[in-house]
1. Output the relative contact order of chain A, whole-number percent, from Cα pairs under 8 angstrom with separation of 6+ residues.
2. Taking the radius of gyration and the Kirkwood hydrodynamic radius from Cα positions alone, what is the Rg/Rh ratio for segment A:98-309, to two decimal places?
3. For B:K215, which lysines qualify as cross-link partners when the Cα separation must be under 20 Å and same-chain residues fewer than eight apart are set aside?
4. List the chymotrypsin sites (Phe, Trp or Tyr not before Pro) within segment A:282-311 that DSSP assigns to loop and that have no more than 14 neighbouring Cβ atoms inside 10 Å.
5. With θ set to phi - 60°, apply the Karplus curve 6.51 cos²θ - 1.76 cosθ + 1.60 along segment A:281-290 and write out the HN-Hα couplings as whole Hz, x wherever there is a Gly or Pro.
6. Which order results if A:S105, B:S171 are arranged by neighbouring Cβ count within 10 Å, fewest first?
7. Hey, if you put +1 on the Cβ of every Lys and Arg and -1 on every Asp and Glu Cβ in chain A, which of A:P156, A:L41, A:S141 ends up farthest toward the positive end of that dipole?
8. Could you pull out the chymotrypsin sites (Phe, Trp or Tyr not before Pro) across segment B:111-211 that fall in loop regions by DSSP (anything but H, G, I, E, B) with no more than 16 other Cβ atoms inside 10 Å?
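Nothing in this text is a laboratory measurement; each read-out follows from the coordinates by a stated rule. Note that this is a predicted model, so its numbers are computed, not measured. In this analysis, Cβ positions are derived from the backbone assuming ideal geometry, glycine residues included, and neighbour counts consider all displayed protein chains.
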Amino acid sequence: MSDKNPSSPAAGDRPVSRRTLAKGIGTTLGLGAFAAAVSPLMRRTSEVSAAEFMQQHYKDLSEDERAEVIRRLEAEALEQSGREVTIRDQAPIPGTKFGYAINLSLCNGNGKCVEACHRENNHDRDTNQSYIRVLEMQRGSMDMEKGNTTYDHTVPAEDKFYLPVQCQQCDNPPCVDVCPVEATWKEQDGIVVVDYNWCIGCRYCEAACPYHARRFNWKAPNVPAEEINPDQGYLSNRVRPQGVMEKCHFCLHRTREGKLPACLEACPTGARIFGNLLDPDSDIRWVLANKQVLVLKEELGTVPSFFYFFD
Amino acid sequence: MSERTKTDRPGRAWPLIATFAVLAILLFWAVYAVIQARGLADVEVEDVASAPHTEAAVRAAGGKLYPVQVRRPAGPPQVVVGEDPVTGATRLVSCTTCHATRVADPEHGRTKALDDFHGEVVFDHGAGALGCNACHDPSDYDSLRAADGRRIAYADVMRLCAQCHSRQHESYRHGAHGGMNGHWDLSRGPRTRNTCTDCHDPHAPAFPSMKPTFKPIDRGLQPDGSSDH
């Protein structure tokens, strides 16, 4: 009888009371859960070098600092993938504003542009990521929200047309307006770029873009070393880190050297026209002057540098 | 009486035939003159490299400009006539090998109607209005022939296509038709452009159907409507 009395001297002989045990288990589980919850943070912090953590905004970097940053990124790329890459930082060509047009009468939705973008820009192989989506559209409608990207039948299908959509490089870009840290901005040549080292991954810009043109790196892109395109740009196709936004940059590592974008070169129907909007004799200006061009969601006032036409 | 009329008829018909002949010659000359005047016979396919849109680029580059090279067919096509019995190599002969002795029958304007050779060629061009000799030169099958009878080398096939497809050719000259590679800025590098037959089969020029082979995997947009949530 006295044995069962909790206040009896015999109780003091027990190493731990039930209450203490419960507290101990609770504390251990709680600490374990907390450690598990914050572990990605610890892991990420260990990956971020002090130099990367202290890196300033792209626009605030001096030329020497930029060169230093690029040297570091190249070294990190070599360390992570075993592949030697060249990261450059091409400035906009003075007197150039890029424009793009697509002839929707020629485009047949084969998607070669989507694949070319995927390879050129070191996109994640697991998700077949790309800056371009081709929408299968009902003839007679220009409502891109009703387009379908998952068609996999022989193209072109009866009564359909195909609308490739990528960043429209707006003159009035809503994505730039909403960025809380100014990690994305519009350059002199009209290209809207992202500083992947400044982006905090809040995805406001993805929500703001009416063209669904921005992509989020849910994980670090998986690109086999032998498939990495080593010709890279700081603001364009260098392999992005996890947790940042990215978008079509008109292949600026190519176009700022006078080359055509990868998606244009890959198009088997010749539907894509690219050039300098400020050159009155350019191909793109001839298209604007001689074809009935339209822009997507004109009513939003985004003023795209991307045009579409039928002929 | 009846005998006299029989003998008289040929005599009376001669002036009539002569008049018709003169009229026909006059008509032919008139049509030819009109064609010449309108420049229809002068379908000029300018060298795209000298197209006007490059002039500003020439100025910007201080006169130096990389070329726009338009791809060209290597030359007249050759016909497979079987394998060499010894080496097993494919034997090719040029068109004139056979056509030097075999006279083409203009009645057979369709490949399907031909007994041997070319019967396998699928011909679907011009909605039934065209035959072989609309483009091929019956006097020299190693070259092509414009509508006005002038010879066009196979390498200049774009000149031939442009006489009917002038709208496409106009777009082509301004970079708005046909695929290309290289540089948008000719002051920094050259450009290579396709010719008509790189993309279009001249005998069946409609662009072929294709199968999309590459699809991004977007969350929640799988074809069966499934997603990982």
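1. Once divided by the residue count of chain A, the mean separation gives 24 percent.
2. The Rg/Rh ratio comes out at 0.94.
3. Excluding near neighbours in sequence, the set is A:K112, A:K146, A:K160, A:K219, A:K247.
4. Hits after loop and neighbour filter: A:F310.
5. Values per residue, Gly and Pro as x: 9, 7, 4, 5, 5, 5, 5, 5, 7, 10 Hz.
6. Result, fewest neighbours first: A:S105, B:S171.
7. Going by the charge dipole, the pick is A:L41.
8. On the way: sites: B:F117, B:F123, B:Y141, B:Y154, B:Y172, B:W184; in loops: B:F117, B:F123, B:Y141, B:W184.
Those that pass, being in a loop and sparsely packed, are B:F117.
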